[in-house]
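Here is the structure we will look at, set down as structure tokens.
The values are calculated or read from the model by the stated rules, or taken from the named source; none is laboratory data. Owing to the predicted nature of the structure, the values given are computational and were not obtained by experimental measurement. Cβ: placed from backbone, ideal geometry, glycine included. Neighbour counts: every protein chain shown. The area values use the complete protein model at the heavy-atom level, side chains included, leaving out ligands, DNA and RNA. Shrake-Rupley method; radii C 1.70, N 1.55, O 1.52, S 1.80 Å.
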Amino acid sequence: MFKKISIFLEMIKIEHTLFALPFAFMGAVLGSVVVTGTLPSWSQIGWILLAMVGARSAAFGFNRMIDRVIDGKNPRTAGRAIPAGLLKSSEVVLFIIVSLALLFWASLNLSALAFKLFPLAFFMLVFYSYTKRFTWLCHIVLGLTIGLAPLGSWVAVTGQIDMTAIVFYLTVAFWTAGFDIIYACQDIDFDQNEGVYSIPARFGIAGALKIARAFHVITAIGFIVMFFIADLSWWYLAGMIISYMMLFYQHYIVTPKDLSRLQTAFFTMNSVLSIVVFAFTLVDLVVRQYL
């Protein structure tokens, strides 16, 4: 049983939760303080956590099922659970159903608007995995899908969507799309040979890295805009300075001629970045509330 659980955890890349979860909590805390003037309750945080677990698990389950043939052909992904025969398709389908049920249950216990947006979340979770079959804009679609985590958390505690929520959503979306482009550079030969759409396959590694940098410039601008429209303080700015240094560093260590540190740029830098941004925003908002 424990071996099977570990296979499922590897399938959904549980460690990649570090990308999205801090921003989901940031959406909840920031939205609650900006809109209602108070921090979210522990109950709301708990339901948001359950929603995140359900959404991410369902998303990875869909992706692995839909891409199982492509994954089996790609040497980098041939060892994944389904093509390697470690999990049956029926097991993954059951896993997806349970994950969606968890997301549905959590959204039902949050706000009315969060529950109404459940079909949109479901659509995006499924749609993303098909986009690499017909458009190199698949990275942006992934960003818009991952960005639903902070937006959904905002909606969950406020019951509304305002300009700050939209800016935050797009900021996270372009951040995600940018680092996904960097990650996709390692599959450029396979994508071009198999007709899989991606920005590296369409524009080459040099062009792809330039687009990724442009997307992260949009991210940097988005975070600055949030500073003004959410009335944040120097604590938030301190976090932004650190995060900007991380964005610069990940683009510095990955070049068209050297992808050897791609995993550091993709996983380590972006995991730490999301935690830093959330931590400094949380301190900012707590100071605002109690000092």
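Looking across segment 99-117 at every residue that is in a helix (DSSP H, G or I) and without any contact (Cβ under 8 Å) to a residue 40 or more places away in the chain, the one that is least open to solvent (accessible area, probe 1.4 Å) is identified as F115. Of all the residues in segment 224-244, those that are surrounded by fewer than 14 Cβ atoms within 10 Å (Cβ to Cβ) and over 27 Å from G37 (Cβ atoms) number 1. Restricting to segment 71-93, name every residue that is part of a helix (DSSP H, G or I), open to solvent by less than 40 Å² (accessible area, probe 1.4 Å) and touching a residue at least 40 places away in the same chain (Cβ under 8 Å). Selection gives V92 alone.
Residue count for segment 190-223 under the criterion of being under 22 Å from the mean Cα position of the chain (by Cα) and open to solvent by 60 Å² or more (accessible area, probe 1.4 Å): the result is 6. From the list L39, L21, L50, the one residue that fits, being in contact (Cβ under 8 Å) with a residue 60 or more places away in the chain, over 15 Å from the mean Cα position of the chain (by Cα) and under 15 Å from S153 (Cβ atoms), is L39.
The set of residues from segment 248-268 being in contact (Cβ under 8 Å) with a residue 40 or more places away in the chain, within 15 Å of G178 (Cβ to Cβ) and not in a loop (DSSP other than H, G, I, E, B) comprises Q250, H251, L262, A265, F266, F267. Each residue in segment 26-44 was checked for being of a type outside the set (G, A, S), open to solvent by 30 Å² or more (accessible area, probe 1.4 Å) and assigned to a helix (DSSP H, G or I), and 5 pass. Only one of the numbered conditions (1) closer than 27 Å to T219 by Cβ; (2) crowded, with 18+ Cβ neighbours inside 10 Å is not met by Q160, and that is (2). Determine if segment 130-137 includes at least one residue that is surrounded by 22 or more Cβ atoms within 10 Å (Cβ to Cβ) and either in a helix (DSSP H, G or I) or among the polar types (S, T, N, Q) (or both). For segment 130-137, residues surrounded by 22 or more Cβ atoms within 10 Å (Cβ to Cβ) and either in a helix (DSSP H, G or I) or among the polar types (S, T, N, Q) (or both): absent.
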